[in-house]
Amino acid sequence: PDLSNALDDHGNTILHNLCQAQNVFDSSALLDGRLMTETIIQRHKSSTTIPNAHGNLPLHRALESKKPWEYVLRPLLDVAPETVSLGNTVTRQLPLHMAISNYPSRSKEIHNIWQLYPDASAIQDPTTNLYPFQLAAVAKDTPRQGQLVTLPSNNAEERRSSHENTRASRNLGLATTI
């Protein structure tokens, strides 16, 4: 039986799992993950457009997992170019937003996703309310919407106490977060 579009307990198809897999296939293994991905895509194009239980297409999973353009993203988009304009069905986040959030700012992945769907430049990321150019300007480790941000205190006593605690922790070899 054809199981290429069968869903696992998390609502993922085989293609979803391959797009997110991290170093699952050893280079000496007979089964090459890239070849498997391309074979599934070519034989079962519909698997590229099936969202999982979290609303992610295989393209979204690949972007979140920082997959390379040549081996995963390009084959997905060659077979199903329409997916570059399809957002997550739950969050509505577009592939361009995901690429900007996950890849270095000058990556070919971001550039190519943008070239395939330039209209996404005018669409706010629904998870951050930022436009792509704003999202790109925010450091990757900057907290996003829904994350707690602790701002520096205006109180001189609190700042001095925090500074002294940090210095004392460094002297003891402890790591702290301010």
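Inter-label distance, N5 to S121: 3.6 nm, where each label sits 7 Å from its Cα along the C-beta direction.
Looking at the stretch 83-134, the accessible area is 52 square angstrom per residue; that uses a 1.4 Å probe and ignores ligands, DNA and RNA.
With a Förster radius of 30 Å applied to the C-beta separation of S105 and L35, the computed FRET efficiency comes to 0.45.
Scanning residues 5 or more positions from L130 or on other chains, those with amide H under 5 Å from its amide H are D125, with H placed 1.01 Å from N in the peptide plane.
The values are calculated or read from the model by the stated rules, or taken from the named source; none is laboratory data. This structure is a prediction, so every number in the text was calculated from the model and none was measured. Here Cβ is always computed from backbone atoms with ideal geometry, including for glycine, and neighbour counts include all displayed protein chains. Each accessible area value is taken on the protein alone, full model and side chains, heavy atoms only, with ligands, DNA and RNA left out. Shrake-Rupley method; radii C 1.70, N 1.55, O 1.52, S 1.80 Å.
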